[in-house]
Amino acid sequence: LLFGRSPRLGIQGATLGNFASFSDYWGYRDVFAQEDVRILRAAAQHSGLGTAIDVGANIGLVSLLLASLGYDKIYSFEPVPHTYERLLKNLHLNSALTDRCTPIRQALGKVTGKIDFAVFPKSCGQSKIYSPDCDDDSSVQRMRVPVETLDGFCEAQSIPEISFLKVDVEGHEPDVLS
């Protein structure tokens, strides 16, 4: 916290705040280079700006960038409760963009139901589907989270086509795409 409030970061017309710590802010500050923004802008020009899905939305950086680029609808998946709350706060900071973003507190994977999730309290970006190697870190918290398949979600929401798909789920990308 800086002077009693979380610092804010402006990227491509979106504001990001609600960082877990000042070092978290510095980490996000360098996450998206200008080249990354150019790539997202080029993808937006070629995709039709329809529906975008952000799997592993974390605190909303990519979701807000996609909204600022003009995508009609963005679904932001973040299953970890305290990270999801930070995502909601960042959407609130960007009231002109929030009508395009729908936050969803669940994971996407290869099954529907509930799965064990490993939460790393000191680094929310490392949270992932639980695996035995997670026990190597004594700070890891294990919790059950809802999970849906990407196909099942798209069918339930009547989404015929995804214009842009971002998947960042700490090594479990094949599960989301299966």
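The values are calculated or read from the model by the stated rules, or taken from the named source; none is laboratory data. Given the structure is predicted, the values throughout are model-derived calculations rather than measurements. Counting neighbours? That spans all protein chains shown, and the Cβs are built from the backbone with ideal geometry, glycine included. These accessible areas exclude ligands, DNA and RNA; they are computed on the full protein's heavy atoms, side chains included. Shrake-Rupley method; radii C 1.70, N 1.55, O 1.52, S 1.80 Å.
Observations on the structure shown:
- Test: Val169 is at pLDDT below 95, in a loop (DSSP other than H, G, I, E, B), open to solvent by less than 40 Å² (accessible area, probe 1.4 Å) and under 21 Å from Gly60 (Cα atoms): yes
- When each of Thr112, Thr102 is tested for being touching a helix residue (DSSP H, G or I) at 6+ places or on another chain (Cβ under 8 Å) and among the hydroxyl-bearing types (Ser, Thr, Tyr), the lone residue that passes is Thr112.
- On inspection, Phe164 qualifies as aromatic (Phe, Trp, Tyr) and either touching a residue at least 40 places away in the same chain (Cβ under 8 Å) or over 21 Å from Asn18 (Cα atoms) (or both).
- The residues on offer are Ser127, Ser131, Ser178, Ser138, and the sole one that is of a type in the set (S, T, N, Q) and buried (at least 18 other Cβ atoms within 10 Å of the Cβ) is Ser127.
- Flag if Ala118 is aliphatic (A, V, I, L, M) and loosely packed, with under 14 Cβ neighbours inside 10 Å: no
- Tabulated pairs, the range 34-50, first closer than 17 Å to Ile74 by Cα, second part of a helix (DSSP H, G or I) and not acidic (Asp, Glu), C-beta under 6 angstrom, 6+ apart or interchain: Leu40/Leu65; Ala44/Leu69
- Filtering the range 107-144 to residues that are assigned to a helix (DSSP H, G or I), under 25 Å from Asn18 (Cα atoms) and either at pLDDT 85 or above or in contact with a Lys or Arg (Cβ under 8 Å, 6 or more places away or on another chain) (or both) leaves only Cys124.
- The residue that is surrounded by the most Cβ atoms within 10 Å (Cβ to Cβ), counting only those in the range 30-84 that are of a type in the set (D, E, K, R) and modelled with pLDDT of 90 or more, is Asp54.
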